[in-house]
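First comes the structure, then the notes that go with it.
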Amino acid sequence: DCLLSRGLGDVYKRQVFGFMDEGEPEALIYGVLSDGTIVAPFKLTNVNGANSESTTFLHGTACSDGGWVAVGEWKSGFNRSGLVVKFSAAGVIEWSHHLDSQTSSFMNDFDALNHVLEIDGMGYFIGGSGNFIDPSNNTRQGASAAMINLSGSLSWGITYVHSEPAYESVAASAVQTDSGKLYQIVNGRGDVTSVSYTHLRAHETRGNLV
C-alpha cells in the first residue's frame, strides 16, 4: 500500500491510482482504498484546450514528499504527446510537461506514457512509447524512457528499438532492484545487445491545467 494525500491533512491508503478519460479536455483522478472505496476524486482541466483534445492518465504513484505524480497521454487528432504532471499533497499542480519525439508522418504519432517510478534523490523515471524513424524514413513505435528531476526538468529522454525496428515496441513497466538498478519491461525482437535510439524533448503543457 502507498499513501495518497488529498488536502486538509487527510491521508488515504490506496492500492490503485485510478484514471479515466473524462471527456474533452478533462481527466479524472481518484484514489481507491483497499476495500474498493473511491476517495478524493477531482478533475484536471485544460482551460484553454479545444474540444478536439483529450487527456488520459494511465498510471500514477504517491511521492515521498506527500504529493503524487501522474503520467498518460494528450492527443488532438493525430497529434499525441506523453504527459507527466506533479501534484502537491494538497492537489495543487506543481509542474507539468509534454514529452514528444520526432515523427516523419503526422499520421503516425505514438507518444504516450504509461508508467512512473520515483527514484530516491534523483527524480521520476517514466516510460511508455514514442516515435522511432527507421533508415527508410518510416515512423515506427519504439519504447520510451526518460528521467525527470525532482524540480520537474527533463534530465534525459530516449525512444529506442532493438535491431529489428520493423517490430514495433512499447515499454510496459519498470522496476528498481534493492541495489538501485532500473529494469524496463519492453517487447521487441532481434539482437538485444543492438539498440538504436532517438531523443525525446519536453515542453510546457499546452494551455493551463487546473
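The values are calculated or read from the model by the stated rules, or taken from the named source; none is laboratory data. For clarity, every value in this text was computed on a predicted model and none was experimentally measured. Don't worry about glycine lacking a Cβ; one is built from the backbone with ideal geometry, like all the others, and counts go over all protein chains shown. Ligands, DNA and RNA are stripped out before the accessible areas are found, and what is left, the full protein with its side chains, is counted by its heavy atoms. Shrake-Rupley method; radii C 1.70, N 1.55, O 1.52, S 1.80 Å.
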L113 versus (1) open to solvent by less than 10 Å² (accessible area, probe 1.4 Å); (2) more than 17 Å from the chain's Cα centre (by Cα): which is the lone unmet condition? (2)
Looking only at residues in the stretch 171-199 that are part of a loop (DSSP other than H, G, I, E, B) and at pLDDT 70 or above, which one is surrounded by the most Cβ atoms within 10 Å (Cβ to Cβ)? G188
The condition of being open to solvent by 60 Å² or more (accessible area, probe 1.4 Å) and modelled with pLDDT of 90 or more holds, among S136, S155, only for S155
Given the options F106, F42, name the one that is modelled with pLDDT under 90, more than 14 Å from A174 (Cβ to Cβ), in a strand (DSSP E or B) and more than 18 Å from the chain's Cα centre (by Cα). F42
Inside the stretch 75-99, can you point out the residues that are open to solvent by 10 Å² or more (accessible area, probe 1.4 Å) and either in a strand (DSSP E or B) or in contact with a helix residue (DSSP H, G or I) (Cβ under 8 Å, 6 or more places away or on another chain) (or both)? K75, S76, N79, R80, I93, E94, W95, S96, H97
How many residues does the stretch 57-74 hold that are open to solvent by 30 Å² or more (accessible area, probe 1.4 Å) and either in contact with a Lys or Arg (Cβ under 8 Å, 6 or more places away or on another chain) or not polar (S, T, N, Q) (or both)? 3
